[in-house]
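Peer 1: Structure in structure tokens, see below.
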């Protein structure tokens, strides 16, 4: 891929940026100011975010070029659907009806798009055409384009997390067909299994980095925002406190339940391990709890993001948005 591409992933507590230029890859993570993004992933202070993005662009010396943004799951619906064979025009007319049970308001307020999937075992055109389909509110997309434009960044693509992962494994999967990603986010933990060019399963666990912050805050007697800093530096060995270990164990047990259910549903599953990603992926106690409880190896994210180094786990969606790690 020639030229320069940027990928942005705005989480609840930090923004990840991937820069692809020629054959090089650079990943950065910048902590967001407190209360700039709410628990649903919505930017609560648009004007302040524009200034923050301008400052980040300047401090990181981000180059110009086409940029892509990953939407949080709360702002986009992405699912595997099977549609009868039809023309592109017919498909775009019928696709919104696949989301009527999930969206609010009328279908005209949403933008829909799709990516065709290769046929799986036992699938043929007689059964329909499998595709990953997505829907997001047009107003939400327009607001992001406007905010980034005011900061001097040209958004060319906006995509769901699921499609960022598919982009990544298609380029850097190394011939493997099945991948399990456990995203340890701030508000929750999200498990996504990608098989070839489709999402086979996705589940959300209502436990994440925020719960670890609260456990640290309770142990040290500080507020949750400061506790996040203490958590990252393991201040006074706080990560070995009973409260933090209890949260790690609870997260690990919930992950095990989801993976067991997935493997029961898909008996042919041959997962070789788990990619632990997101802001909490570097914490040794959560890593140990997950590996010991699930009984599967934790695969190094830099296998999919060569060149990203220690930021590979945090930057996986941003790199997928920018076009993979190749």
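Coordinate-derived values only; no laboratory data. Here the structure is a predicted model, which means the values were calculated and not measured. Using ideal geometry, Cβ is built from the backbone for each residue, glycine included, and neighbour counts are taken over all protein chains shown.
Peer 1: If one computes P(r) from the Cα atoms of region 1-111, what percent of pairs lie at distances over 24 Å? Could you put the intermediate results ahead of the total?
Peer 2: Values: 2766 of 6105 pairs.
It works out to 45 percent of all Cα pairs.
Peer 1: If you average the C-alpha positions of region 17-48 and of region 79-140 separately, how far apart do those two centres end up, in angstrom?
Peer 2: 29 Å
Peer 1: Kirkwood hydrodynamic radius, computed over distinct alpha-carbon pairs, for region 168-220: how many Å, to one decimal? Mind showing how you got there, number by number?
Peer 2: On the way: mean 1/r = 0.0791 Å⁻¹.
Taking every pair of different Cα atoms in region 168-220, averaging 1/r and inverting gives 12.6 Å.
Peer 1: If you don't mind, another one. Scaled to the compact-protein estimate 2.2 N^0.38 Å, what is the alpha-carbon radius of gyration of the chain, rounded to two decimal places?
Peer 2: 1.00
Peer 1: How many Å³ per residue does the convex hull of the Cα positions in region 36-194 occupy?
Peer 2: Working: hull volume 24.6 nm³, N = 159.
Dividing the Cα hull volume of region 36-194 by its residues yields 155 Å³.
Peer 1: Could you tell me the calculated FRET efficiency between residue 145 and residue 223, based on Cβ-Cβ distance and R0 = 41 angstrom, to the nearest 0.05? List each step's numbers first, then the result.
Peer 2: Values: r = 35 Å, r/R0 = 0.85.
Computed FRET efficiency for residue 145 and residue 223 comes out at 0.75.
Peer 1: In what sequence do 37, 30 fall when counting other Cβ within 10 Å, fewest first?
Peer 2: 30, 37
Peer 1: Just rank 317, 49, fewest to most, by other beta-carbon atoms within 10 angstrom.
Peer 2: Working: 317 31, 49 22.
In increasing order of surrounding Cβ atoms, one gets 49, 317.
Peer 1: Quick check for you: which residues of region 190-224 have the amide N under 13 Å from the point 7 Å beyond the Cα of residue 242 toward its beta carbon?
Peer 2: Backbone N within reach: 219.
Peer 1: While we're on this one: Neighbouring Cβ atoms within 10 Å as the yardstick, rank 222, 258, 216, 319 fewest first. Don't skip to the answer; put the middle values down first.
Peer 2: Values: 222 17, 258 21, 216 26, 319 34.
By the 10 Å Cβ count, ascending: 222, 258, 216, 319.
Peer 1: Using 1/(1 + (r/R0)^6) with R0 = 41 angstrom and r between the beta carbons of residue 138 and residue 268, what's the FRET efficiency to the nearest 0.05? Can you show the working numbers first?
Peer 2: Details: r = 39 Å, r/R0 = 0.96.
Rounded to the nearest 0.05, the efficiency is 0.55.
Peer 1: Of all beta bridges DSSP finds with both residues in the chain, what is the antiparallel percent, to the nearest 5? Working shown, then result.
Peer 2: On the way: 44 of 59 bridges.
If we restrict to bridges inside the chain, about 75 percent are antiparallel.
Peer 1: What value, in deg cm²/dmol to 500, does the helix sum -39500 (n - 2.57) over DSSP H runs of n ≥ 4 give at 222 nm once divided by the residues of the chain? Please list the in-between numbers first.
Peer 2: Numbers: 9 runs with 110 residues, N = 326.
After summing the helix terms and dividing by residue count, I get -10500 deg cm²/dmol.
Peer 1: Please report, in Å, the Rg and the Dmax of region 75-138, where both are computed over Cα atoms only.
Peer 2: 12.1, 37
Peer 1: Could you list the square roots of 5 times each eigenvalue of the Cα gyration tensor of region 143-293, that is, the equivalent ellipsoid semi-axes, sorted largest first and rounded to whole Å?
Peer 2: Values: eigenvalues 168, 118, 28 Å².
Each semi-axis is the square root of five times an eigenvalue, giving 29, 24, 12 Å.
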